[in-house]
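Report on the structure given below.
The values are calculated or read from the model by the stated rules, or taken from the named source; none is laboratory data. What you are looking at is a predicted structure, and each value in this text was computed from that prediction instead of being measured. Backbone-built Cβ (ideal geometry, glycine too); neighbour counts: all protein chains shown.
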Amino acid sequence: MTPSSTTSSGFGTRAIHAGQEPDPASGAVIPPISLSTTFKQSAAGVHSGYEYSRSGNPTRNNFETAVAALEGGKYGLAFASGSSVTATVLNTLHSGAHLISVNDVYGGTYRYFTKVAVHNGVEATFVDLNDAANVKPHFKENTKLVWVETPTNPTLRIIDIRAIADYAHEHGALLVVDNTFMSPYFQNPLALGADIVLHSVTKYINGHSDVVMGVLVTNDPAIHEKLQFMQNAMGAVPSAFDCFLARRGLMTLEIRMQRHAANAQTLAEYLEVNPHIEQVIYPGLPSHPNHDLAKQQQRGFGGMISFRVKGNLANVNKFLSNLKYITLAESLGGVESLIELPCIMTHGAVSPEDRAKLGITENLVRLSVGIENIEDLLADLKQALDNMA
Ligand SMILES: *Cc1c(COP(=O)(O)O)cnc(C)c1O
């Protein structure tokens, strides 16, 4: 089955079959992991498409093809981490370029923009894009990129990808969307006008908290060519073994995302009426300020919930340590439920003033809802909340 023949099939079918063909040599239904670093040439410069595994590898190629098919894009490129996708994209900009980023962008992305790219002469402006029109006054002659993440982290605000894409293109800038929180199952930014979509594969795409990896997808051959050149030149490529694991995780993305979202909706509704809870932020709740935009732009609401617990930091810590199944740890998107305290953990490096502006209070917790049985997650939250005083 060629990749193009799978683009019209269903999501779950593409997740299993795109790029993945039985091994022609043995008939193995799951192709073997291609660990070789180099490939035999029949004459100097004559080869079957692979020369050296940094520039191209069959196991990586299988994964890249599959993610591209799920994002509705032509070209996928995999990297050693989500952060190395950011670094590689930013290195296509030259000194003197400007970019506009959503203000509550992933912490590592913020760090790259403000502590690394700036020294290469690339300037970033951070803007609250919850109202898309806010982007307008920030364009400059040299604005090359707009960088968006939606839903944002950890306050789960939704940004109108189509509107931002239109503003970016009016000003000759490209739109990059970090789609990690939604996964390609719930949102396809390319179809909404984005030029590049990226993922931390570490999260939902691999889904089992055992691989650090990144991927990007584009439909534009010129952008692809530039980024493929950078992928090879910068060399932040993933191992074949990690590509194999991520490809295996990807096969179940559809049913995992369905369960993540169903569990999250149930927990969000439970928490919203719980007397120990001050506020629940989940795009699937009608009380979410961007609920209508989420319904329009996404095919579901995902597995991430943020909520404010009633009480002080000591109560919140007691609640977190009371949990039995839900594990206190950073990261998200795995089959197991993880909870974290952004003000100290993922967003501890954000200044107290910026945390206050973003609404990252001491009682705000972020829950990555896993795919365990819902009764057990409900019981776990209930006992932990009832005993936090
Ligand atoms: C984790 C994450 C990243 C960074 O990816 P790594 O694989 O950890 O390097 C980027 N964006 C978002 C939204 C993330 O959650």
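Out of the stretch 65-95, which residues are away from the ligand (no atom under 16 Å from the Cβ) and more than 16 Å from GLY235 (Cα to Cα)?
Correct list: THR65, ALA66, ALA68, ALA69, LEU70, GLY72, GLY73, LYS74, TYR75, LEU93, HIS94, SER95.
Tell me yes or no: at least one residue of the stretch 41-57 is in a helix (DSSP H, G or I), of a type outside the set (A, V, I, L, M) and within 30 Å of VAL177 (Cβ to Cβ).
No, the stretch 41-57 contains no residue that is in a helix (DSSP H, G or I), of a type outside the set (A, V, I, L, M) and within 30 Å of VAL177 (Cβ to Cβ).
All but one of (1) in contact (Cβ under 8 Å) with a residue 60 or more places away in the chain; (2) in a helix (DSSP H, G or I) hold for ALA222; state the number of the condition that does not hold.
For ALA222, the exception is condition (1).
Has the stretch 305-314 got at least one residue that is within 20 Å of the chain's Cα centre (by Cα) and either among the small types (Gly, Ala, Ser) or crowded, with 16+ Cβ neighbours inside 10 Å (or both)?
yes
Under 8 Å by Cβ, and 6 or more places apart or on different chains, what pairs join a residue from the stretch 164-191 that is more than 15 Å from PHE11 (Cα to Cα) and more than 16 Å from the ligand (Cβ to nearest atom) with one that is in a helix (DSSP H, G or I) and acidic (Asp, Glu)?
That search, which allows pairs on different chains as well, returns LEU190/GLU71.
Under 9 Å between Cβ atoms, at least 6 apart or on separate chains: pull out the pairs that start in the stretch 74-91 with a residue that is under 16 Å from GLY107 (Cα atoms) and assigned to a loop (DSSP other than H, G, I, E, B) and end on any residue that is within 12 Å of the ligand (Cβ to nearest atom) and among the β-branched types (Val, Ile, Thr).
SER81/VAL201; SER81/THR202; SER81/VAL212
Take the stretch 310-352 and flag every residue that is touching a residue at least 40 places away in the same chain (Cβ under 8 Å), of a type in the set (D, E, K, R) and part of a loop (DSSP other than H, G, I, E, B).
The answer is LYS310, LYS324, GLU336.
Residues of the stretch 209-230 being within 14 Å of the ligand (Cβ to nearest atom) and out of contact with any Cys (no Cβ under 8 Å at 6 or more places or on another chain), which ones?
SER209, ASP210, VAL211, VAL212, GLY214, VAL215, LEU216
Quick grid of which residues meet (1) surrounded by 18 or more Cβ atoms within 10 Å (Cβ to Cβ); (2) of a type in the set (Gly, Ala, Ser):
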{"residue": "PRO286", "(1), (2)": "no, no"}
{"residue": "ASP292", "(1), (2)": "no, no"}
{"residue": "GLY303", "(1), (2)": "yes, yes"}
{"residue": "LEU338", "(1), (2)": "yes, no"}
{"residue": "ILE374", "(1), (2)": "no, no"}
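Among the candidates VAL118, VAL122, which residue alone is more than 23 Å from ASP242 (Cβ to Cβ), out of contact with any helix residue (DSSP H, G or I) (no Cβ under 9 Å at 6 or more places or on another chain) and more than 15 Å from the ligand (Cβ to nearest atom)?
The conditions single out VAL118.
Can you name the residue in the stretch 192-208 that is out of contact with any strand residue (DSSP E or B) (no Cβ under 7 Å at 6 or more places or on another chain) and not small (Gly, Ala, Ser) and is also nearest to the ligand (Cβ to nearest atom) among such residues?
Just the residues of the stretch 192-208 that are out of contact with any strand residue (DSSP E or B) (no Cβ under 7 Å at 6 or more places or on another chain), to begin with: 192, 202-204, 206-208.
From what's left, not small (Gly, Ala, Ser): 192, 202-204, 206, 208.
Values: LEU192: 17, THR202: 4, LYS203: 5, TYR204: 9, ASN206: 9, HIS208: 14 Å.
Per the criteria, the residue is THR202.
ALA236 fails exactly one of the following numbered conditions: (1) in the same structural domain as MET213 (by TED's automatic domain parsing); (2) assigned to a helix (DSSP H, G or I). What is the number of that condition?
(2)
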